[in-house]
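First up is the structure itself, then whatever we jot down about it.
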Amino acid sequence: MSYSVVSNYKDELLKDFVDEDYISDSDAYINDLAISLSVFPSKIPIPCPNIVKRLSIALTYRDIARDRSLMNSEGEDGRDAYELKRVYWAKEVERLEGLITADALTGGKDGLGGGLATKVTYPMSVPIYRS
């Protein structure tokens, strides 16, 4: 089960380096994150919620940029394009991780196998009483 596919990747600098190994690494990371939030990875729906797909893409890009950066060799103090992309995608991963909850992973379903979590749907009606 994969949370993203190669056609989801649009970054002009990094998209040509996306392969199944990077995608499976990001999937494993998300599965570990789900387990840490007490959600069974099998309870993450496919197609997955958008935030999960975005995290998968950000993780993949971060790893590709890290591997391609000249900082892994005799580079120039992190001024190459890949290192700049790595910094950007690392911040995006950190931001998205902060938004991930059990509810976000499961798209509103209880990740432990129960029914729907309590969720408000719109439009909704609210009774108004006179005092």
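The values are calculated or read from the model by the stated rules, or taken from the named source; none is laboratory data. Computed from a prediction, not measured in an experiment: that's the story for all the values here. Here Cβ is always computed from backbone atoms with ideal geometry, including for glycine, and neighbour counts include all displayed protein chains.
Which one of these does SER38 not meet: (1) under 11 Å from the mean Cα position of the chain (by Cα); (2) in a loop (DSSP other than H, G, I, E, B); (3) polar (S, T, N, Q)?
(1)
Quick one: would you say ALA102 is more than 28 Å from SER7 (Cβ to Cβ), surrounded by 12 or more Cβ atoms within 10 Å (Cβ to Cβ) and modelled with pLDDT of 85 or more?
yes
Only residues that are outside any helix (DSSP H, G or I) and either closer than 11 Å to SER2 by Cα or in contact (Cβ under 8 Å) with a residue 60 or more places away in the chain (or both): list them for the range 41-61, please.
Our first condition is that a residue be outside any helix (DSSP H, G or I); within the range 41-61, this holds for 44-49.
Passing the criteria: ILE44, PRO45, ILE46, PRO47, CYS48.
Which condition breaks for ALA34 when tested against (1) out of contact with any Phe, Trp or Tyr (no Cβ under 9 Å at 6 or more places or on another chain); (2) within 18 Å of GLU97 (Cα to Cα); (3) touching a residue at least 60 places away in the same chain (Cβ under 8 Å); (4) surrounded by 17 or more Cβ atoms within 10 Å (Cβ to Cβ)?
Result: ALA34 fails condition (1) only.
Which residue is farthest from LEU84 (Cα to Cα), if the candidates are limited to the range 7-29 and must be in a helix (DSSP H, G or I) and in contact (Cβ under 8 Å) with a residue 40 or more places away in the chain? Break it down stepwise before answering.
The initial filter retains those residues of the range 7-29 that are in a helix (DSSP H, G or I), namely 7-8, 15-17, 20-29.
When the remaining residues are screened for being in contact (Cβ under 8 Å) with a residue 40 or more places away in the chain, the result is 8, 17, 22.
Values: ASN8: 21, PHE17: 16, TYR22: 19 Å.
Filtering the range 7-29 for residues that are in a helix (DSSP H, G or I) and in contact (Cβ under 8 Å) with a residue 40 or more places away in the chain, the one farthest from LEU84 (Cα to Cα) comes out as ASN8.
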